[in-house]
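The values are calculated or read from the model by the stated rules, or taken from the named source; none is laboratory data. Fair warning: this is a prediction, and the values are worked out from it, not measured in the lab. Every residue, glycine as well, gets a Cβ built from its backbone with ideal geometry; the counts of neighbours run over all protein chains shown. SASA here: full protein model, heavy atoms, side chains in, ligands and nucleic acids out. Shrake-Rupley method; radii C 1.70, N 1.55, O 1.52, S 1.80 Å.
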Amino acid sequence: MRSIFATSILALAITFPAKAQELRFPAEAEQNASRTSNDSLFMPLGPFENDALAGITVEGEVQQSAWSVGDGALTTMELLKPLRDEFLASGFEPIFECVASVCGGFDFRYSVDVLPEPDMHVNLGDYRYFSAKRSDAGGTPEYITILVSRSANAGFVQLTRVGDPNSAAVLTTSTKAPAPPTTVLPALTGTLTEQLESAGHATLADLAFQVGSSQLTSDSFASLESLAAFLNANSDRTVTLVGHTDAEGPLASNVTLSRRRATEVMLRLIDAYDVSPAQVSADGVGFLAPRASNLTEEGRTKNRRVEVILTSTR
């Protein structure tokens, strides 16, 4: 019988007595099947070409699980990317990655060990494959592969791990319900002061930071000059600066980056514009408050911002 999992962290059949490594699917997920064997696994190192597939055979405990993910709306890249990024963030080094036609289509698919239909469905024209490796302090290797595909009604993910069960991390997963459609709110009008007075918040839209950094790219920004003038003229008003990011990367690191950026803006207001420290505070929420879809570059750009929130109640 299949089991549908909610948003709590779930232990897969892939579990070991060691530190937990959490994986999060990009949408609500249902585990269809799992199997474990002490065996070996053939791992491709390149595409199927010239009637051959180059690869290596790795040995150890082979653990596989197949999942249905979402309703089929996610592309294979959207299925693969968050899982791949989480493995890379935990120390795995990529071995090989390909998409259906580049992989070798039919020949590649049937050279890879796949759990049977209907538990794991592979559309021969629409699938992606990824493999990676890491080693523990003693040099013991651990391998993972991800195979993703989709049908008209669901996405499919197969996770495979090969390694020593006594040295590997516990692999757990968390399903995540699809995010509701994000409504892009109409842009606020008026000056920054007018937006704060009427709506209670405003975006410091001209701010720019160095890539992946909290360092501002310029010594002056018109939005900060306007905000400083407002605060200096109204000593009874207080604000909180809130940093936001797009959804690239883990939540924890995005929250940290967004908080650092908001703090950098706060310090600029205090140091360069003589704003009273009692009037400003800073925080960050990472990608938890998008104002546009993270599925497009345009949306991700809109989501990377610092907002100012009026916190005065009188």
Review point. Being farther than 20 Å from S214 by Cα, in a strand (DSSP E or B) and either in contact with a Gly (Cβ under 9 Å, 6 or more places away or on another chain) or modelled with pLDDT of 95 or more (or both), is that true of even one residue in segment 305-313?
Key: yes
Practice item. Confirm whether S293 is in a loop (DSSP other than H, G, I, E, B), open to solvent by 40 Å² or more (accessible area, probe 1.4 Å) and farther than 30 Å from P26 by Cα. Key: no
Check your understanding: So how many residues does segment 215-249 have that are open to solvent by less than 70 Å² (accessible area, probe 1.4 Å) and either aliphatic (A, V, I, L, M) or within 33 Å of the chain's Cα centre (by Cα) (or both)?
Key -> 21
Study note, to complete from the structure: All-but-one check, E197 against (1) more than 33 Å from the chain's Cα centre (by Cα); (2) of a type outside the set (V, I, T); (3) assigned to a loop (DSSP other than H, G, I, E, B), failing number (3)
**Study point:** Test result for E97, open to solvent by 10 Å² or more (accessible area, probe 1.4 Å) and without any contact (Cβ under 8 Å) to a residue 40 or more places away in the chain
**Key:** yes
**Study point:** Residues (touching a helix residue (DSSP H, G or I) at 6+ places or on another chain (Cβ under 9 Å) and free of Cβ contacts under 8 Å to residues at least 40 places away in the same chain) located in segment 234-252
**Key:** N234
